[in-house]
1. Among the residues of the range 23-47, count how many are more than 20 Å from residue 117 (Cα to Cα) and under 20 Å from the mean Cα position of the chain (by Cα).
2. From 103, 96, 138, grab the single residue that is modelled with pLDDT of 70 or more, surrounded by 11 or more Cβ atoms within 10 Å (Cβ to Cβ) and within 24 Å of residue 32 (Cα to Cα).
3. Can you name the condition, by its number, that residue 30 falls short on among (1) open to solvent by 90 Å² or more (accessible area, probe 1.4 Å); (2) at pLDDT 90 or above; (3) part of a helix (DSSP H, G or I)?
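The values are calculated or read from the model by the stated rules, or taken from the named source; none is laboratory data. Source: prediction; values computed, not measured. Cβ sites come from the backbone with ideal geometry, for glycine too, and all protein chains shown count toward neighbours. The protein model used for the area step is the full one, side chains on, heavy atoms only, and it has no ligands, DNA or RNA in it. Shrake-Rupley method; radii C 1.70, N 1.55, O 1.52, S 1.80 Å.
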Amino acid sequence: MEFDVNRFTGASFKRREEDVPVPDLRDWFKGVKEGETPTWRVRGLSGAELASVNEAQARNRNRNAIAEGLLSQKDAKVTDAVRELIGSGDSVPDDLARRIEMLVIGSVVPECNHQLAVKLAEAFPIEFWELTTKITQLTGLGSEPGKPKRSSGSPISKSPSSSAT
């Protein structure tokens, strides 16, 4: 079998998306009716986005190393000030740092910032894990081929819209 490079490079792709049920977050979704299950829409990541997620792990390690260096052999006032500056001072596991970044990048609706991702990981770790696992699965499936582009020779409907003024 031969790979059709020209067809592949000429194709358009879109990232896969999926709604993930998050029933335990119901109280924080507006307009959810009785019997409805709220969902969080996530998508797969591109290669560049996946690299950014993996760099979050390295940034996390660097942050922890800097904190350890600053805190070693310092008095309590300096130690407390540094911990206040960088957070609790507790080490964040690399996988958690990766997943936080993954949720920030891969969330479609609702949009997610780092503060929300951290809070979700703390308060609802199972839902956080399910969302990031789904993003990983969608990323692994790759992008879906989009609709084929209309060739330049294709006729385009020239009938005016009924709403045209």
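1. Counting residues in the range 23-47 that are more than 20 Å from residue 117 (Cα to Cα) and under 20 Å from the mean Cα position of the chain (by Cα) gives 1.
2. 103
3. Result: residue 30 fails condition (3) only.
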